[in-house]
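Below is one structure; the comments refer to it alone.
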Amino acid sequence: MEAMVSESGKGRFAQEIVIGSHVLTADEPIETGGNDSGPSPYDFLLAALGSCTSMTLRMYAEFKKIPLKKVIVKLQYDKIHAKDCADCENSQSRIDHINRQIELQGELTEDQRQKLLEIANKCPVHRTLTSKILITTELV
């Protein structure tokens with residue numbers, strides 16, 4: 001898996017993202033100095049989690065023959081004060097918080113709904129975001 005990101009020259013923060021045969025644009029909102037010509041980096045992060053969640057639920061529902069008609073995942077990102085977090089070490093710091101709401105459409109039993117909720121937390125992007133991540137950086 002590989003992506004290439006470079007400044008597009010179409011604005012202060014505008015970026016061109018090439019992933020395989022796909023070309024995407026990222027930017028910052030106008031209020032933070034961008035042109036709003038594309039989603040922000042955090043928008044892409046939410047999109048990655050939401051799309052992985054939906055795909056994982058679809059795959060599981062098909063495998064288990066669960067009559068899932070449609071999945072809708074709504075996500076919000078924010079920084080919250082650590083005092084709102086009982087497990088946080090420093091109450092003065094802020095932590096990243098993603099709120100994920102999943103709507104499951106179809107004639108589902110409560111047990112099926114609960115199992116799908118459990119499976120949502122097992123999507124690969126969710127697991128990546130909640131695990132220790134090692135990022136190496138080098139100049140080329």
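What the table shows:
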read-out: Qualifying residue in the range 50-64 (condition: over 20 Å from Thr128 (Cβ atoms), loosely packed, with under 13 Cβ neighbours inside 10 Å, at pLDDT 95 or above and not aromatic (Phe, Trp, Tyr)); value: yes
read-out: Odd one out for Tyr77, checked against (1) within 21 Å of Ser131 (Cβ to Cβ); (2) not in a strand (DSSP E or B); value: (2)
read-out: Residues satisfying the stated conditions in the range 88-132, i.e. under 22 Å from the mean Cα position of the chain (by Cα), more than 30 Å from Glu62 (Cβ to Cβ) and loosely packed, with under 12 Cβ neighbours inside 10 Å; value: Asp96, Lys132
read-out: Among the candidates Leu68, Leu45, residue that is in a loop (DSSP other than H, G, I, E, B) and either among the aliphatic types (A, V, I, L, M) or under 18 Å from the mean Cα position of the chain (by Cα) (or both); value: Leu68
read-out: Flag for Glu16 being open to solvent by 50 Å² or more (accessible area, probe 1.4 Å), among the acidic types (Asp, Glu), assigned to a loop (DSSP other than H, G, I, E, B) and without any contact (Cβ under 8 Å) to a residue 24 or more places away in the chain; value: no
read-out: Total residues in the range 118-140, condition in a loop (DSSP other than H, G, I, E, B) and among the charged types (D, E, K, R); value: 3
read-out: Selection status of Thr25, touching a helix residue (DSSP H, G or I) at 6+ places or on another chain (Cβ under 8 Å), among the polar types (S, T, N, Q), at pLDDT 95 or above and on the phi < 0 side of the Ramachandran plot; value: no
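The values are calculated or read from the model by the stated rules, or taken from the named source; none is laboratory data. Predicted model, so just to flag it, every value in this text is computed and none were measured. Note that each Cβ is placed from the backbone with ideal geometry, even for glycine, and that neighbours are counted across all protein chains shown. Areas reflect the complete protein model, heavy atoms only, side chains present, ligands, DNA and RNA absent. Shrake-Rupley method; radii C 1.70, N 1.55, O 1.52, S 1.80 Å.
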